[in-house]
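All remarks here apply to the structure that follows.
The values are calculated or read from the model by the stated rules, or taken from the named source; none is laboratory data. No experiment lies behind these values; they were computed from the predicted model shown. Every residue, glycine among them, receives a Cβ derived from its backbone with ideal geometry; neighbour counts consider all protein chains shown. With ligands, DNA and RNA removed, areas are computed over all heavy atoms of the protein, side chains included. Shrake-Rupley method; radii C 1.70, N 1.55, O 1.52, S 1.80 Å.
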Amino acid sequence: MSVISQKPPRPRVGATRSLFQHRGTLSLLVRQELKQTYGRYKLGLLWTMGEPFVQALFMWIVFAFIFGSTKGITLEPFIVYLVTGLVPLAWLSASVAKSTKAFRRYSKDAATSALPVVAWPLRVVLYGFADFLLALPVVVIFVISFYLFTGEPSVHWQLVYFPLGIFMQFFLCLGLAMILSAMALRLPDVERLTALLNRFFFWMSPVIWQTRNFPDVIPTWVLYLNPFHGILDFYRAAFWPDDVLKGPGVYILTAAVIAVICVVGAMMLHARAGLIRRADV
Amino acid sequence: MKRSNAGDGAPVVAQALMLTKVSVGVYTEKKRGRSRGRMPKVLGATYLDASWPLQDISLTARPGEVVGIYDATGQREALLLRVMAEILRPDKGSVKPSQRTAYIAKPSKKHVRGLSLGQSIHVVSGLMGMTDAEIEQRFDDIAAAAGISKKLHQPAEDVPFSLVQQIAFCAGVRMPVQVYCFDQTLPTGSQEFKPNCLPAINELRDSGAVVAASLGKSGDIRTYVDRGLLMTGDSVLELRTTDFILEVEAAKKKKQKQRRKARRSGT
């Protein structure tokens, strides 16, 4: 009697199909979350743009004026380069940080709801995605302003890669959210881990540096084992296509890493579903 | 096998629900005792204690039958209903056949924070498993039955919470499913609404659905049950209605006595 197997529930309809059938409910849950977060502020949803705007501005001041140069980064204007990295990073960071509380915060709902358990980490990811969409005007403002004053950056046809970046980041965020939310059910230490993971994505992804800054001894594909690297390339391809885009091999690697993260996340969540359903008993 | 016309009149076929030797275990996180010496415990301050709240429970709930569940400790009813609703898969034993189910529990305030009553219908119904299309189809009906047709745009936080409970109940009984599990939601809502709950159960019973309900604090439902499952200590008794009513009364009295005794002794 010492071992309890915590079997996952028997799937009746596919989780994806079920989520699609409940998309209206999910969208309302995300809107509810946004309303709760920003509804208490006077500036409301404007805060979604505030953070990446101010952060990019400060970094630009520090690198371009205090350090005197953005040595190594040849892509201009530097602030546009920064902001195209910081806005997606904010989505990834929010998904990672909040996923540990996905089940703790809504333990009773998750235990009694007929929605598939993946709905709760998905809610966190969609919330971050809504934040991301609302912060995109910051990128547009910087691009237009700098184009008007300096003639750079010009927008290329590779803008079509932008939705691909969103698509891949969505699955990266979902995969990580599934892994972390499942782990956090039994291991509260995961909350501390998320801070480290967010630092990893900030420093180990080309947010404030360029791929070419790395020494040649490290093969390029190694950098793309961090899937966020490839995703950032897609976001920036519209402005600096020749500099950021590499051969298709590294992007296949990025997609493969994201697929592995998603599969691992789904398996972990499925294994913990039994635990979620009896969390409040 | 009977035909159930739950909700919009779309016929759904209910079959007898059979639980065979169902066991469910839970882990409880417990704190370890104080470490020796003055040093605080740094690693592993808690451990997991395994227990089996449900053990070898067998039950057959037939279509057109209301099964009442009473647990003296008040904790195992929810687990058993979740197993019947197939939200939770038992660690041992089986639940057959797999049918579409509704698990109707008390909604939490978090469900509806920041939403209007109209949006609350959508969220509460959706969380219970109703698809968007089904909600659209039944929206007006649920609003009318819950008595909020004229308040759809009011924030849910500005009205008594009993209205949200009414929404959950009205949405639950309108779900096109074969098995309905009520977790302490019979009756529910305001004092004026509560008398409407039990006739709604009768309708479900007449339509040939399988209905299971936990009694919780309110015992009104016990007069409606066709069979009862009484969980006391390690034993689970399957009883006919009259016996069930008497046993529940006795169990409640025993519980009250124990509480009084504990209060007197100050523990």
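Whole Å is fine, so just give me how far the alpha carbon centre of segment A:10-51 lies from that of segment B:162-179.
Between the Cα centre of segment A:10-51 and that of segment B:162-179, the gap is 23 Å.
Hey, any idea what % of segment A:15-277's accessible area is carbon plus sulfur with a 1.4 Å probe?
In segment A:15-277, the share of accessible area belonging to carbon and sulfur is 71 percent.
Here are some pairs, B:194/B:255; A:101/B:110; A:108/B:255; A:108/B:109; A:35/B:109; A:108/B:106; which of them have Cα atoms lying more than 20 Å apart in this structure?
B:194/B:255; A:108/B:255
Please build a GNM for chain A, connecting alpha carbons under 10 Å apart, and tell me which residue among A:37, A:211, A:48 fluctuates the most.
With Cα springs under 10 Å in chain A, the top fluctuation among A:37, A:211, A:48 is at A:37.
Quick one: net charge of residue A:99's neighbours, Cβ under 15 Å, K/R +1, D/E -1?
Spelling it out: positives minus negatives among the neighbours equals +4.
How many square angstrom of accessible surface are buried between B and A, both sides summed, with a 1.4 Å probe and rounding to 100?
3700 Å²
What full-extension length gain, to one decimal in nm, is calculated for residue B:21 and residue B:73 as 0.36 nm per residue of separation minus the Cα-Cα distance?
Here the segment from residue B:21 to residue B:73 would lengthen by 16.6 nm.
Using the Kirkwood radius over Cα pairs, work out the Stokes-Einstein diffusion coefficient for the protein assembly as shown at 20 °C and 1.002 mPa s, in µm²/s as a whole number.
Translational D for this selection: 82 µm²/s.
Over all pairs of distinct alpha carbons, what does the Kirkwood formula give as the hydrodynamic radius of chain A, in Å?
20.2 Å
Grab the DSSP H runs of chain A that are 4 residues or longer, score each as -39,500 (n - 2.57), total them, divide by all residues and round the 222 nm result to the nearest 500 deg cm²/dmol.
-21500 deg cm²/dmol
When Lys and Arg each count +1 and Asp and Glu each count -1, what net charge do the other residues less than 10 Å away from residue A:32, Cβ to Cβ, add up to?
Around residue A:32, the charge tally is +4.
Want the number for residue A:36 to residue A:187: 0.36 nm per residue separation, take away the alpha-carbon distance, what's left?
Difference between extended and current length: 51.6 nm.
Keeping every protein chain present and rolling a 1.4 Å probe, give me the accessible area per residue for the protein assembly as shown in Å².
With the other protein chains kept in place, the protein assembly as shown gives 48 Å² per residue.
What's the FRET efficiency of residue A:101 with residue A:27 using the Cβ-Cβ distance as r and R₀ = 35 Å, to the nearest 0.05?
E between residue A:101 and residue A:27, to the nearest 0.05, is 0.95.
Indicate the residues belonging to segment B:130-147 that lose 10 Å² or more of solvent-accessible heavy-atom surface (probe 1.4 Å) upon moving from the chain alone to the assembly of all protein chains, ignoring ligands and nucleic acids.
Listed by number, the residues meeting the 10 Å² cut-off are B:131, B:132.
How much of the DSSP bridge set in the protein assembly as shown is antiparallel, in percent, rounded to the nearest 5?
Given both bridge residues lie in the protein assembly as shown, the antiparallel proportion sits at roughly 60 percent.
Find, among the trypsin sites (Lys or Arg not before Pro) in segment A:116-203, those assigned to loop by DSSP (not H, G, I, E, B) with at most 16 other beta-carbon atoms within 10 angstrom.
Qualifying residues, ordered by number: A:186.
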